[in-house]
Amino acid sequence: MRRVLSMTLAGIAVAAALGGTPGCTSNPADSVGAGFEDLIGNIEEWVGGDNLPAEHLEALRAVHVPGTWRLRHDVEGALDIARKSVRALGETDLATWRDAGVVTQIVSSIATDHSASLVRVEALDTLHRVAPWTLNAETAPEFNATEEDVIDALKVVREAQGRSDTEPAFTAEVLNAVRTLANFRFDSGATPPPAARLSVAARRYSGKLRNSRGVLLAFTGSTLEGFRGDPEIRDEMDRAYISLGGAVIRATFAAALTGDDNATVRTTAAQHMGDLQQDGAVAELARSLRDDVSSSVRRAAASALAHFPVEAAFPALTEGLYDDMPDVRGATSRALAAVTGESFGADRAAWQRWWLARGSATGTDDGSQ
């Protein structure tokens, strides 16, 4: 039942954001393009503004094939223009949560869907720069919204497109829907079990990202345009920009780490997940340290784990001491030293003895790890 419900949630989320109907299928590139045009299609409304980076969005649109994140071959220097524009998005003064949501939405899409790995890396770097503003503003949900609540809320949001706050009863429904979506954590829920392969984890995070990014688009785009004047709805939408933006950020890094086909992109994702001390990152960094085919990614995963508390990082890091590559074992040893204050190099037995002794001294169950 949960699997069917989650699939329904994904379908309605994307449909609500892009104006389609649940059950209809589309080319992923078409969805990316539709979302891109919904966000920056009316670029003139931002031209001359001090906050939203209209010129960078316009530059991005000019160098890509319409409806895709594929670079145009007929534009000289398209790759460099795209990289420069993505980088500039992270250096712009963002004055509102809607602005932050727009940038998060677009940069996340580029980070996972762009045809050029160099641009995907640039997008991850930009997302890392803008992430703290959103992540530091997140608060605990005010109530527990279920997936059934979310599906009902998304239906209301879709019905709100093209309407305004002139009907008090429906405006109250929209307020409740926005409040529900602001309190649902779209990147939460069951994570892949530790033994699951990277491909399984990639599919799971891709789904979480599709849901959270689709609903964020409904808020940052034109779906609720007619209701932004209502003060209560506007306040709840700000909360939604924050919670949805945080979900998109976390899911983007996790999806890139587990599913991108380029090692440099995966390495960059690992580094940023560690630097941000991202919730839930330990499990995915441990999975990459154990299973990624690239030693550079495994090395980055080990280094990233050094940013987390010893209780979480130590069991994961010990996996790296068994790695075939000396550079990975070295990164693991340095990470272990950083989180423990001890220095046993790559001596697995010594680290295990320390872990067992620590468990005995603290009265914890460390020795069972």
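All of the numbers you see were taken from the coordinates with simple rules; none came from a lab. These numbers were taken from a predicted model, which means no experiment stands behind them. Neighbour counts are summed over all protein chains in view; Cβ atoms, including those assigned to glycine, are modelled from backbone coordinates with ideal geometry.
A crude spin-label estimate for the pair S188 and R163, with each label 7 Å from Cα along the Cβ direction, gives 2.8 nm.
Scanning residues 5 or more positions from H64 or on other chains, those with amide H under 5 Å from its amide H are R72, with H placed 1.01 Å from N in the peptide plane. The stretch between Q352 and R61 holds 99.3 nm of extra length on full extension. This uses 0.36 nm per residue minus the Cα-Cα distance. A crude spin-label estimate for the pair S117 and A95, with each label 7 Å from Cα along the Cβ direction, gives 4.1 nm. For F170 and D80, the FRET efficiency from 1/(1 + (r/R0)^6), where r spans their Cβ atoms and R0 equals 45 Å, is about 0.40. Among S109, S294, S288, a tally of other beta-carbon atoms within 10 Å of each Cβ gives an order, fewest to most, of S294, S109, S288.
Karplus-based coupling profile of segment 54-65, in residue order and whole Hz: 4, 5, 6, 5, 5, 5, 5, 4, 6, 9, 10, 4, with θ = phi - 60° in 6.51 cos²θ - 1.76 cosθ + 1.60 and x standing for Gly or Pro. Count Lys and Arg as plus one, Asp and Glu as minus one, and take only other residues whose Cβ is under 11 Å from that of R234; the net charge is then -3. Packing here is the average count of other Cβ atoms within 10 Å per residue, and on that basis the peptides 309-320, 336-347, highest first, run 309-320, 336-347. The HN-Hα couplings worked out from phi for segment 150-157 by the Karplus form 6.51 cos²θ - 1.76 cosθ + 1.60 (θ = phi - 60°) are 5, 4, 5, 5, 5, 5, 5, 4 Hz, whole numbers, x standing for Gly and Pro.
What's the exposure ranking of F253, F170, going from fewest to most Cβ atoms within 10 Å?
Working: F253 30, F170 16.
Arranged by neighbour count, lowest to highest, F253, F170 become F170, F253.
Taking a point 7 Å from the Cα of W133 along the Cα-to-Cβ direction, the residues of segment 81-111 with backbone N closer than 11 Å to it are 89-104. Size of segment 228-354: Rg and Dmax of its alpha carbons, in Å, are 17.6, 64.
A simple packing score, the average count of other Cβ atoms within 10 Å per residue, orders the peptides 255-268, 139-152 as 255-268, 139-152, with the highest score first. Karplus-derived 3J(HN,Hα) values for segment 298-314, using 6.51 cos²θ - 1.76 cosθ + 1.60 with θ = phi - 60°, are 4, 5, 5, 5, 4, 4, 5, 5, 5, 7, 10, x, 4, 4, 8, 7, 4 Hz; glycine and proline are entered as x.
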